[in-house]
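In what follows, a single structure is set out as structure tokens and then discussed.
Here, each number is a calculation from the coordinates, and none is a lab measurement. It should be emphasised that the depicted structure is a prediction, and the values quoted were computed from it without experimental measurement.
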Amino acid sequence: DDPKVETPFIISFPPKYTARSPFGRATRPMLAFNMETREVVFLKDYWRADVEGTEKEGRIYAILESHHVPNIAPFGKGNDIRDHTTLTHILRNEKWACWLREMVLLRQYRMSLDIVASPLTSFSPLQEFVGAITDTTEAHQHAHFRVRILHRNISVGNILITDEGKGLLIDWDLCLNLNDERASVGRPDRT
């Protein structure tokens, strides 16, 4: 999360399970080659809300890892992309704009996870599916009770299965850190 540090990656074409929706935060998961470690990693690129009480996803991973929360993907690197922010929150009050809800500043964020795994939907056999759900339930239980962080976005798309059949809970970008007094249960950019 040091803004002065830049890490070069060679980025591949997004995998077939990439969501191609005009709505949301334009999340693009993809495989990348980390030039420093010479390994293939999972890279996530998206637009994050920059509002008080939210933390960068990399910071959340660092907190979870420091408390030894099991069954989360190992965090690699991540940070905001320099000078990539939206203007919608500024322009929403112009006469020509038709925005009815509050808009927030979005920043482009890119991060890597030091693992390549498969989506939950690729499970085989059924025991692998049940095991992955059990693993991610354990991850969230530890995050909530040990660290006081709620994921708030557990879904099929946020669970990966490793080659060994272990489930990993990913995508902590919408979490609520109950230790942060500035954190809000509701967010202006979410329903």
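Couple of notes before you dig in:
- Counting lysine pairs in the range 9-177 that sit 8 or more residues apart in sequence, or on different chains, and whose Cα atoms lie under 25 Å apart gives 8.
- Whether the range 9-177 is rounded, prolate or oblate, judged on the alpha carbon gyration tensor where a/c under 1.5 counts as rounded: prolate
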